[in-house]
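Report on the following structure.
The values are calculated or read from the model by the stated rules, or taken from the named source; none is laboratory data. Just so it is clear, the structure is predicted and the values come from calculations on it, not from any experiment. A quick note on method: Cβ atoms are made from the backbone with ideal geometry, for glycine too, and the neighbour counts reach across all protein chains shown.
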Amino acid sequence: MRAATALLMTIFCATASAADICPPANIDAKYGPFDYTDPVAVAQNLPIVEKYHFQPQVEELIRGESGSVIGDLDYVLRSFPNHHRALRSLTRLAMRAHSDRPDHAHFTVDCYFRRALGFAPQDPIVHLLYGNYLYDGGSAKLALDQFLQAEKLAPSNPNVLYNAGLMYFNLKEYDQALSYAKRAYAAGFPLQGLKLKLKKAGKWQ
C-alpha cells in the first residue's frame, strides 16, 4: 500500500513539475521570435503571422483560423511573444474558461506573460497587460507592481498613468489615484472614468 502511494505521489509530482515548465520564448518558436515593438519585424513578419493565425475571429475568440483559437493564439505568441492584442485575447480566454491554463494551451497565462517579459523586458505594455490580468485574478498588490514597472519604462504614457491611477483607486489609496489621474489627463488620456470615480468618492480636487 505504501509503495503504491509513493508511486502515485511520484507520478503526481512529475506531472505537476511538467505543468510548471515555462521555457524561454527564444527556444521554441516555429517562426521568429520577433519583437512586437520592432517596426522592422512588424512590417516584414507580422502580416504573415496575422494572416494565418490572428484574423478578427481569433482575436474575438469566435473560432480559429488554422485550427483552434488557443492553437492560433499560441502560434502568434511563439512568433511574437509580446504581441499585445494576442496577450489581451489570451487573458480574456482564460477568464472565460475560469482557468489560468485554458484547454489545450501549452502554458499557463502567467507563463506566456513571463515569456513575453523575458523576451522584451523594455515593453511597458506587457507589464500593463500583465497587471490587468493579475488584478482581475485578485492579486491587486502584484498588479500594482507591474503598473509601476510599466511607469518606469514609460513615465509619460497616459495609458500607463491612467491604469496605475485606477489601481490605486481600487486599493483605496486616493491621494495616489488623484495624482496619477491628473498626470494621465495632462498627458491627453481621453476617458473620464477615473475622474468620475474620484468625484463620486469625494476625492477629486
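General remarks:
- Subset of segment 69-99 that is out of contact with any Asp or Glu (no Cβ under 6 Å at 6 or more places or on another chain) and in a loop (DSSP other than H, G, I, E, B) - its residue that is nearest to ALA41 (Cα to Cα): PHE80
- Any hit, segment 103-112, residues being surrounded by fewer than 18 Cβ atoms within 10 Å (Cβ to Cβ) and modelled with pLDDT of 95 or more: yes
- Every residue from segment 29-83 that is in contact with a Phe, Trp or Tyr (Cβ under 8 Å, 6 or more places away or on another chain) and on the phi > 0 side of the Ramachandran plot: GLY32
- Note on segment 104-132: among residues that are of a type in the set (Ser, Thr, Tyr) and part of a helix (DSSP H, G or I), the one that is farthest from the chain's Cα centre (by Cα) is TYR112.
- Single match in ASP28, ASP72, ASP35 (criterion: in contact with a His (Cβ under 6 Å, 6 or more places away or on another chain) and charged (D, E, K, R)): ASP72
- Set side by side, the residues GLY188, GLY137, GLY193 differ, and just one is in contact with a helix residue (DSSP H, G or I) (Cβ under 7 Å, 6 or more places away or on another chain), surrounded by fewer than 18 Cβ atoms within 10 Å (Cβ to Cβ) and of a type outside the set (Asp, Glu), which is GLY188.
- Look at segment 36-52: where a residue is more than 18 Å from GLY64 (Cα to Cα) and a partner is among the acidic types (Asp, Glu), sitting 6+ places away or on another chain with Cβ atoms under 8 Å, you get TYR36/ASP123; THR37/ASP123; ALA41/ASP35.
- Members of segment 151-181 that are of a type in the set (Lys, Arg) and either over 26 Å from VAL126 (Cβ atoms) or crowded, with 21+ Cβ neighbours inside 10 Å (or both): LYS172
- Any chance GLU65 is over 12 Å from the mean Cα position of the chain (by Cα) and outside any helix (DSSP H, G or I): yes
- Among the residues of segment 59-75, those that are in contact (Cβ under 8 Å) with a residue 24 or more places away in the chain and more than 16 Å from TYR36 (Cβ to Cβ) comprise GLU60, LEU61, SER68, VAL69, ILE70, GLY71.
- Residue count for segment 196-205, restricted to those that are in a loop (DSSP other than H, G, I, E, B) and either under 24 Å from the mean Cα position of the chain (by Cα) or surrounded by 12 or more Cβ atoms within 10 Å (Cβ to Cβ) (or both): 3
- Count of residues meeting criterion [among the aliphatic types (A, V, I, L, M) and closer than 18 Å to CYS22 by Cβ] in segment 96-146: 9
- Scanning segment 41-74 for residues that are crowded, with 23+ Cβ neighbours inside 10 Å and of a type outside the set (A, V, I, L, M, F, W, C) yields HIS53, ASP72.
- Residue in segment 98-107 that is in contact (Cβ under 8 Å) with a residue 60 or more places away in the chain, closer than 29 Å to PRO158 by Cα and among the aromatic types (Phe, Trp, Tyr) present: no
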